[in-house]
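Quick notes on the structure that follows.
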Amino acid sequence: MGIVGREPDRAWDFAGPADAGPRGVAIIGYRDTGGAGLDLRVAGTAAVTVVIEFGGREVIVDDAVGRRALDGFVVGLPVEAMRIRSERAECVEVRLSPIQAYSLLGFAPTDLGRGAVAIEDLWGQQARRLREQLASAGTWDERFALTQSFLAQRDRPMRTPDPEVLASWNRILTSRGQVRIGALAESLGWSHKRLLGRFESQIGLTPKRAAMLVRFRYAVDGLLAGRPAAEVAMECGYTDQAHLCRDVSLFTDNTPGALSAHYQPTIARHRHRAWGNLSNTVRDQ
């Protein structure tokens with residue numbers, strides 16, 4: 001497994017994204033080499049995220065659950081914004097499509113709840129051992145390989161979502177969230193109630209919420225590119241600019257005009273660009 005990109009600067013050593021093996025899984029890594037400190041306001045994303053801090057410093061997480069100091073965490077597909085801070089972070093970050101998360105994590109995404117879950121609460125001593133191994137590794141390739149091995153040991157190929165749930169998820173992705181859930185259920189031969197229940201239990205959100213989140217992420221790309229909010233709203237299928245503003249407020253607790261301010265730190269731009277290039281990697285086919 002090789003590193004796709006490496007972008008050192010005076011403040012950060014950034015590596016990735018790297019393909020972690022199974023389709024729908026990818027890894028990045030970053031180290032604060034200049035004492036800049038980590039302070040990110042993270043909006044919802046259409047993936048399950050795993051962050052592992054290996055530099056011996058805790059990460060302060062403010063989310064729907066409250067404020068906690070964690071050595072690493074897993075977060076599902078939240079609808080609330082969260083803030084992540086650290087004095088001098090050294091992290092490996094993994095993105096899992098909800099489909100892969102269902103088989104790799106060993107539990108349903110709905111079990112993650114609304115906030116971050118400490119990796120020790122999920123994997124105990126094995127998580128602590130992984131952090132020690134990452135700290136001892138000398139290169140990003142070694143760290144990514146260790147992370148890949150850790151995930152592979154937890155893979156349960158027989159634990160897969162229903163084919164109809166997989167088809168629904170891919171339809172939401174390919175339509176960029178612009179899909180009517182009633183029509184989606186009808187195309188599967190399922191009732192709306194059955195689709196809602198099966199999808200939420202295996203993905204972690206209702207189909208409607210998932211579609212809202214996917215559409216929002218495409219809107220973020222347009223807003224960060226400097227395009228007018230009214231233009232982004234029209235292209236992404238919002239009723240009007242006010243509709244877009246409501247979703248931005250829901251997922252980021254902010255306005256479209258202020259959104260770009262949260263992507264000014266170098267590490268924020270690196271992360272957004274890296275994950276933005278993974279639309280094909282995190283999609284399940």
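Modelled spin-label separation between E120 and E58, with each label point placed 7 Å from Cα along the Cα-to-Cβ direction: 0.9 nm.
Cα centroids of region 117-180 and region 231-254: 30 Å apart. For region 95-190, the relative contact order comes to 34 percent (Cα pairs under 8 Å, sequence separation of at least 6).
Placing dummy labels 7 Å off each Cα toward the beta-carbon, the span from A69 to T139 is 3.5 nm. For the listed peptides 47-54, 173-180, a ranking on the average number of other beta carbons within 10 Å per residue, highest first, reads 47-54, 173-180. Tell me the carbon and sulfur percent of the accessible area for region 82-204, rounded to whole percent, probe radius 1.4 Å. Its accessible area is 46 percent carbon and sulfur atoms.
Would you work out which of L166, A116, L146 lies farthest towards the positive end of the dipole of region 27-183, given +1 charges on the beta-carbon of Lys and Arg and -1 on that of Asp and Glu, about the Cα centre? Positive-end residue among those listed: L166. For D111, put the label point 7 Å out on the Cα→Cβ axis and report which residues of region 48-83 keep their amide N under 17 Å from it. Zone members listed by number: 48-50, 73-77. Scaled against the 2.2 N^0.38 Å expected of a compact globular protein of N residues, the Cα radius of gyration of region 110-244 reads 1.37.
The values are calculated or read from the model by the stated rules, or taken from the named source; none is laboratory data. All of these numbers come straight from a predicted model, not from anything done at the bench. No Cβ is skipped: glycine too gets one built from the backbone with ideal geometry, and neighbour counts run over all protein chains shown. In case anyone asks, the SASA skips ligands and DNA or RNA and just uses the protein heavy atoms, side chains included. Shrake-Rupley method; radii C 1.70, N 1.55, O 1.52, S 1.80 Å.
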